[in-house]
1. Mind listing whichever residues of the stretch 126-136 are exposed (fewer than 15 other Cβ atoms within 10 Å of the Cβ) and either touching a Lys or Arg at 6+ places or on another chain (Cβ under 9 Å) or under 19 Å from Asn267 (Cβ atoms) (or both)?
2. In the list Glu183, Glu210, which residue meets the criterion of being surrounded by 16 or more Cβ atoms within 10 Å (Cβ to Cβ), in contact with a helix residue (DSSP H, G or I) (Cβ under 9 Å, 6 or more places away or on another chain) and either modelled with pLDDT of 95 or more or in a helix (DSSP H, G or I) (or both)?
3. Taking the criterion of being open to solvent by less than 50 Å² (accessible area, probe 1.4 Å) and farther than 17 Å from Phe146 by Cβ, would at least one residue in the stretch 260-279 satisfy it?
4. So, in the stretch 92-122, of the ones that are over 28 Å from Thr55 (Cα atoms) and open to solvent by 70 Å² or more (accessible area, probe 1.4 Å), which residue ends up farthest from the chain's Cα centre (by Cα)?
5. Restricting the search to the stretch 35-62, which residues are hydroxyl-bearing (Ser, Thr, Tyr), in a strand (DSSP E or B) and farther than 17 Å from Leu121 by Cα?
6. Looking only at the stretch 316-336, count how many residues are out of contact with any Pro (no Cβ under 6 Å at 6 or more places or on another chain) and buried (at least 17 other Cβ atoms within 10 Å of the Cβ).
7. Take the stretch 63-90 and flag every residue that is part of a strand (DSSP E or B) and crowded, with 16+ Cβ neighbours inside 10 Å.
Amino acid sequence: YVVVTPNDGEDDGVASTSTTIIVSNSPPSAPVVEITPEDAVEGDDLTCTVTTESTDADGDDITYGFQWDVDGTAYTDASDDILDSVVDGADVAADETWTCSATATDGDDDSAVAETSVDVLSACGWGDVTLTESGVDFVTICGGTFDMGCTAGAGSTCVTSGRQAETLHSVTLTNDYYVSQTETTQDQFEALMGYNPSYFSSCGGDCPVEYLTWHMAAAYANAMSTAAGLTSCYTCAGSGTSVSCSTSGSPYTCSGYRLLTEAEWENAARCGTDYMYAGSNTIGDVAWYGANSSSTPHAVAGKDPNDCGLYDMSGNVWEQNNDWLDSLSSSPATDPTGAISSTDHVVRGGSWGSLDTDSERVALRGGTRPTDRYSYIGFRLARTVP
C-alpha cells in the first residue's frame, strides 16, 4: 500500500490518506516432457526433453530444472541443457524405472512440474528367432540370474543327495546365447554328416536324431561351425561313429556351435518361469513320454513349446549337455561349466521312453557315458551371442 502525507511547513497537524493495491503473479503452465527412446534397453542414453514449453500470463522469463530418479532414488549425474537432460547409458540397466521431472520457474517463486517415466528392458529378446544356419532355426535366450535346481515349482520328488542332486542355488549367466528351436533332426544331421545313426530311422527326417554318442553330437556341432565359418568348439579325431572329441576351452567364449552347458539348458527350459515341465505343469501338453509316445520318438515340435518357443525341452529324447555330471554346490555360481571330469556327461529333459512323469521335470539331472549310444538320447545346439 502507499501513504500520502501533505505538509505545509508550519508544523500544523498532519493529515494523511492511504490506499492499497494487490499485485498478483501468474504461475507458469506445466511443460510437456518425454523420455527417448520410449522402448529403452539397457545401455541406452536416456534423454528427457521439454517438447512443449511452459507459458506465463505475465510474460516472465521461464527456466527449467531437471531431476532424474531411478527406482525412486535420486540420480544426480545427468547432463542438463536448456530444454533437455541426458543420462549416460553406462548407468542404465535392465528392469529399472527411470523418471524425469522438469520444473518450470518464472523467477517469482512460482513453478509448475511435469513428470514422465520409462521402463528399461533387457537388450536381449527372449525367444526371438534371430539366426538360421544349415536349415536350423535358433532362438535367443537371455543371460542373467536365475534359480537352478529344486525350486518351488520343481515338484515334490526333487533329488536331494548324490551327484544328481537338484541342489537349489543361484546361477548367473553373463552371456546371451542362441538355442536351436528343436532337437537336432535326422535330416539336419544327415545333411552335414552324410549318414543317419538313428535307431528309429523309420520315424522320418523330422524326428530327432538319436542313437549317437556325445562325441558324435560334438562332431556335428563342429560341422555346423565349419559351415558357418566359425571357430570349432571341440577338438575331434576320427569320423562317423568312431569319432572322439574333447572340449577346447570355455564353452561360453567359443564363437562356434556347441552343446549347451547344464546351466544354459535349465535356464532355456525354464525361460523365466517356474513350471514343473518346460512350458507347462501338465506334462502331456509339452512332452512325448512313456504314457503317450507309443514307445517311439515323434517328429519335433509336435507338442506345445515353452515360453521361449523351444520345443521338446521336456520329453521326446534326452538331450546331451556339454558338462560332466557331478554334484552341485548350494553356493551362487557364475557361468558354471560342471565338473572337470567324470564318468558321465549330463543329459536333460527326459524321453519318449520315460515311464513316469518325473524324468521330464526341468530340474531333473541325468547322465550317460560319452561313448554310449541309446535310442532315447539326442541333442540340440547352442552358440554364444557375439
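1. Within the stretch 126-136, Val129, Thr130 meet the criteria.
2. Values: Glu183 fails: in contact with a helix residue (DSSP H, G or I) (Cβ under 9 Å, 6 or more places away or on another chain).
Testing whether each residue is surrounded by 16 or more Cβ atoms within 10 Å (Cβ to Cβ), in contact with a helix residue (DSSP H, G or I) (Cβ under 9 Å, 6 or more places away or on another chain) and either modelled with pLDDT of 95 or more or in a helix (DSSP H, G or I) (or both) leaves just Glu210.
3. Taking the stretch 260-279 first, the residues open to solvent by less than 50 Å² (accessible area, probe 1.4 Å) are 260-271, 273, 277-279.
From what's left, farther than 17 Å from Phe146 by Cβ: none.
Within the stretch 260-279, none of the residues are open to solvent by less than 50 Å² (accessible area, probe 1.4 Å) and farther than 17 Å from Phe146 by Cβ.
4. Within the stretch 92-122, the first condition is being over 28 Å from Thr55 (Cα atoms), and the residues that meet it are 92-97, 119-122.
With open to solvent by 70 Å² or more (accessible area, probe 1.4 Å) added as a condition, the list becomes 95, 119, 121.
Values: Asp95: 11, Asp119: 15, Leu121: 10 Å.
Of everything passing the filter in the stretch 92-122, Asp119 is farthest from the chain's Cα centre (by Cα).
5. Keep residues of the stretch 35-62 that are hydroxyl-bearing (Ser, Thr, Tyr), which gives 36, 47, 49, 51-52, 54-55.
If we keep only those that are in a strand (DSSP E or B) as well, we get 36, 47, 49, 51-52.
Correct list: Thr49, Thr51, Thr52.
6. The initial filter retains those residues of the stretch 316-336 that are out of contact with any Pro (no Cβ under 6 Å at 6 or more places or on another chain), namely 318-321, 323-336.
From what's left, buried (at least 17 other Cβ atoms within 10 Å of the Cβ): 318-321, 323-326, 328, 335-336.
Count: 11.
7. Within the stretch 63-90, the subset part of a strand (DSSP E or B) is 63-70, 73-75, 79-80, 84-87.
The answer is Tyr64, Phe66, Gln67, Trp68, Val70, Tyr75, Asp84, Ser85, Val86, Val87.
Here's the yes/no breakdown for (1) of a type in the set (A, V, I, L, M); (2) in a loop (DSSP other than H, G, I, E, B); (3) over 17 Å from Asn306 (Cα atoms):
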residue	(1), (2), (3)
Ser246	no, no, yes
Ser250	no, yes, yes
Thr253	no, yes, yes
Glu264	no, no, no
Ala268	yes, no, no
Thr273	no, yes, no
Asp285	no, no, no
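The values are calculated or read from the model by the stated rules, or taken from the named source; none is laboratory data. None of the values given here were measured: they were computed from a predicted structure. No Cβ is skipped: glycine too gets one built from the backbone with ideal geometry, and neighbour counts run over all protein chains shown. With ligands, DNA and RNA removed, areas are computed over all heavy atoms of the protein, side chains included. Shrake-Rupley method; radii C 1.70, N 1.55, O 1.52, S 1.80 Å.
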